Amino acid sequence: MEPRVVKVEPMRMVGVVLKTSMEEVAQNNPIPTLWSQIFTDGRRDILNKLKGNNRAEYGVCIVHDDDSMEYVIAVELEKFRFAPKDFYKCEIPGGEYLAVETTTTTLGEAWMKITKWLDENGYEIAHGTSFEYYDQRMNEEEMKFDIYAPIVKA
């Protein structure tokens, strides 16, 4: 699917955080290990209860100016007061995002599409919070999901 510009409202997220760096992700990506851990240690069950009827999960990537980052496996909550104390809380800023559908095997290609689209259309990344949106398509054979990158006119 081709990139599309979408308006995203601010969202409150709660989940399990991995504190890392862009360099570590590029060299020895620890994110898949975090996903494996939450499936076996009970935290995924807690997230499933928190999300209730909302079946979406998120992979929130918050990159800071010093190249450090947090990756949060999260669900959206209306109010943080419903979050377990030991779970990480963050907000996804509202605004324009470039959305691209991808799969677990084409993730790198999706980011190349985003970069190409930004260059060709006079946009740049707006801030350091992007996210992955996982819904029922992840249960299909192709395991599809969307990447959302925040954008602003250059």
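The values are calculated or read from the model by the stated rules, or taken from the named source; none is laboratory data. Quantities reported herein were computed from a predicted structural model and do not represent experimental measurements. Backbone-built Cβ (ideal geometry, glycine too); neighbour counts: all protein chains shown. Quick note on the areas: whole protein, heavy atoms, side chains included, nothing else; ligands and nucleic acids left out. Shrake-Rupley method; radii C 1.70, N 1.55, O 1.52, S 1.80 Å.
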### Message
Could you list, ordered by first residue, the pairs with Cβ atoms under 8 Å in which the first is in segment 132-147 and free of Cβ contacts under 8 Å to residues at least 40 places away in the same chain and open to solvent by 80 Å² or more (accessible area, probe 1.4 Å) and the second is part of a strand (DSSP E or B) and not aliphatic (A, V, I, L, M), at least 6 apart or interchain?
### Response
GLU142/THR103
### Query
What pairs can you find where one residue is in segment 64-80 and part of a strand (DSSP E or B), the other is small (Gly, Ala, Ser) and open to solvent by 10 Å² or more (accessible area, probe 1.4 Å), and their Cβ atoms are less than 9 Å apart, with a gap of 6+ or different chains?
SER68/SER21; MET69/SER21; MET69/GLY128; VAL75/GLY52
### Query
If VAL25 satisfies every condition in (1) touching a residue at least 40 places away in the same chain (Cβ under 8 Å); (2) more than 20 Å from SER130 (Cβ to Cβ); (3) not in a loop (DSSP other than H, G, I, E, B) but one, which is the exception?
(2)
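Among the residues of segment 81-99, count how many are among the aromatic types (Phe, Trp, Tyr), in a loop (DSSP other than H, G, I, E, B) and under 30 Å from LEU118 (Cα atoms).
Going through segment 81-99, the residues among the aromatic types (Phe, Trp, Tyr) turn out to be 82, 87-88, 97.
Among the residues that remain, those that are also in a loop (DSSP other than H, G, I, E, B) are: 87.
Narrowing further to those that are under 30 Å from LEU118 (Cα atoms): none.
Number satisfying all stated conditions: 0.
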### Task
Look through segment 1-50, keep the residues that are in contact with a helix residue (DSSP H, G or I) (Cβ under 7 Å, 6 or more places away or on another chain) and not hydrophobic (A, V, I, L, M, F, W, C), and return whichever of them is farthest from GLU142 (Cα to Cα).
ARG12
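Only one of GLU57, GLU2, GLU91 is open to solvent by less than 70 Å² (accessible area, probe 1.4 Å) and among the acidic types (Asp, Glu); which? Talk me through it step by step, then tell me what you get.
Details: GLU2 fails: open to solvent by less than 70 Å² (accessible area, probe 1.4 Å); GLU91 fails: open to solvent by less than 70 Å² (accessible area, probe 1.4 Å).
Only one candidate qualifies: GLU57.
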### Query
Here are some residues: ILE114, ILE151. Which one is open to solvent by less than 60 Å² (accessible area, probe 1.4 Å) and part of a strand (DSSP E or B)?
ILE151
### Filter result for GLU124 (exposed (fewer than 14 other Cβ atoms within 10 Å of the Cβ), part of a strand (DSSP E or B) and not basic (Lys, Arg))
yes
#### Entry: Residues satisfying the stated conditions in segment 36-63, i.e. in a helix (DSSP H, G or I), of a type in the set (A, V, I, L, M, F, W, C) and under 18 Å from CYS90 (Cα atoms)
ILE46, LEU47, LEU50
